[in-house]
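Asker: Below you'll find the structure I mean.
The values are calculated or read from the model by the stated rules, or taken from the named source; none is laboratory data. What you are looking at is a predicted structure, and each value in this text was computed from that prediction instead of being measured. Ideal geometry is used to build each Cβ from the backbone, glycine not excepted, and the neighbour counts take in all protein chains shown.
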Amino acid sequence: MRISTLAPAKVNWALEVLRRRHDGYHEVATVLQTLDLADRVAVSPDSELRLAVRGRVEGLPAAPEENLALRAATALAEAAGGRERGALIELEKIVPAGAGLGGGSSDAAAVLRALNALWGLGLSAGELASIGAKLGADIPFFLHGGTARAGGRGEEVTPLPDGPPCRLLLVVPHMLIPRKTALMYARLTPEHYTDGGRTTALVEKLRSGEPVSDGDFYNVFEKVVADVVPAAAGAMTLAGRIGSNRPHLAGSGPAFFFLLCPGETSQEYLDRLAAAGLDLFLVGTLEAAPATALRVEA
């Protein structure tokens, strides 16, 4: 038996930091959305836990045991009673690593879903989320997919109704920044903290069935990206000057996105962005059901 699933990228429609917690982490309020840009994950029986990776591997850990997908598999095996459980995990990387798109966390969530089925564990999404949250704050979100609000460190997830579909132009500069997210958080000061009001307003809008718009988006890291990753801030400025739309940072970057109106995509605009050395992806939002579906092959 072989079980396959998607590991979609995400963007944060809203990302606020409320305060620094006593445990050293930051309290966040965020709305996340899965995209149809996705890695592919498949698992099949094997005598040991093994990971095979192909595709866009730049930025991934050199050692397989450091890959979040294999770490998630090991954590699930231990939670299920021991390391003797085996599986071959095949990971096809399509989502750029280290870009703020959540690819590693999504891979881990996909592995948890698929191995839960392959091994017949019968764990609930909540139980899988408890395992995943110890490895990465975004993993619980990817176990739900679609649109969701998150709090705490990002691990407290409340699913939201799937909103009207929309299209994005995703722009990924060619850069890898070690410890980027930690550096972003370290740069924040109390003057950057907010009360979560932007997130709450967006949640209410989504629950009413309205589509998102440029004015809804907020990302606190846009206030410090020029200090931490000046090249990423420069790419956003350049892209904003080339086109008429406003760029929005994806997570902790350096990827960013533009919201596209129906039918909007100027080939001249795309050509000019590509000529500036930026990878471009025309993507759409992905609802919860296809984001988490499992496909079983005999």
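Asker: Could you tell me which of the residues HIS192, HIS174 is outside the structural domain of ALA137 (by TED's automatic domain parsing), at pLDDT 90 or above and not polar (S, T, N, Q)?
Answerer: Criteria check complete, one pass: HIS192.
Asker: Check VAL41, VAL31 and return the single one that is farther than 30 Å from LEU188 by Cβ, among the β-branched types (Val, Ile, Thr) and within 21 Å of the chain's Cα centre (by Cα).
Answerer: Exactly one residue qualifies, and that residue is VAL41.
Asker: While we're on this one: Within the group ILE177, ILE139, which residue is within 19 Å of the chain's Cα centre (by Cα) and within 27 Å of ALA293 (Cβ to Cβ)?
Answerer: ILE139
Asker: Right, here's the next one. Those residues that are β-branched (Val, Ile, Thr) and buried (at least 16 other Cβ atoms within 10 Å of the Cβ), I need them from region 138-180; list them, please.
Answerer: Result: ILE139, THR147, VAL157, VAL171, VAL172, ILE177.
Asker: Can I ask one more? I need the helices (runs of 4 or more DSSP H) fully contained in region 186-282, keeping only those with at least 3 residues that are over 21 Å from the mean Cα position of the chain (by Cα), closer than 15 Å to VAL171 by Cα and of a type outside the set (S, T, N, Q).
Answerer: 230-242, 267-275
Asker: Out of curiosity, is ARG241 at pLDDT below 90, over 21 Å from GLN33 (Cβ atoms) and not β-branched (Val, Ile, Thr)?
Answerer: For ARG241, the condition - at pLDDT below 90, over 21 Å from GLN33 (Cβ atoms) and not β-branched (Val, Ile, Thr) - is met.
Asker: Now for a separate question. Looking at region 181-194 only, could you name the residues that are of a type in the set (A, V, I, L, M, F, W, C) and either surrounded by fewer than 16 Cβ atoms within 10 Å (Cβ to Cβ) or closer than 13 Å to THR285 by Cβ (or both)?
Answerer: ALA182, LEU183, ALA186
Residue by residue, here is whether (1) among the acidic types (Asp, Glu); (2) at pLDDT 95 or above; (3) in contact with a helix residue (DSSP H, G or I) (Cβ under 9 Å, 6 or more places away or on another chain) holds:
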{"residue": "ALA117", "(1), (2), (3)": "no, yes, no"}
{"residue": "LEU121", "(1), (2), (3)": "no, no, yes"}
{"residue": "ALA125", "(1), (2), (3)": "no, no, yes"}
{"residue": "THR147", "(1), (2), (3)": "no, yes, yes"}
{"residue": "PRO165", "(1), (2), (3)": "no, no, no"}
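Asker: On the given criteria, is VAL57 in contact with a strand residue (DSSP E or B) (Cβ under 9 Å, 6 or more places away or on another chain), surrounded by fewer than 16 Cβ atoms within 10 Å (Cβ to Cβ) and not assigned by TED's automatic domain parsing to the domain that holds GLU210?
Answerer: Criteria met by VAL57.
Asker: So which pairs qualify, if the first residue must be in region 222-238 and closer than 12 Å to TYR185 by Cα, the second must be hydrophobic (A, V, I, L, M, F, W, C) and surrounded by fewer than 19 Cβ atoms within 10 Å (Cβ to Cβ), the Cβ gap must be under 6 Å, and the two must be at least 6 apart or on different chains?
Answerer: VAL228/LEU183
Asker: Suppose we filter ALA52, ALA75 for residues that are surrounded by fewer than 21 Cβ atoms within 10 Å (Cβ to Cβ) and touching a helix residue (DSSP H, G or I) at 6+ places or on another chain (Cβ under 6 Å); which single one remains?
Answerer: None of the other options fit; the residue is ALA75.
Asker: Also: Please enumerate the residues belonging to region 167-182 that are touching a helix residue (DSSP H, G or I) at 6+ places or on another chain (Cβ under 7 Å) and either closer than 13 Å to HIS26 by Cα or part of a loop (DSSP other than H, G, I, E, B) (or both).
Answerer: Hit for region 167-182 is MET175, nothing else.
Asker: All but one of (1) at positive phi; (2) at pLDDT 90 or above hold for LEU286; state the number of the condition that does not hold.
Answerer: Every listed condition holds for LEU286 apart from (1).
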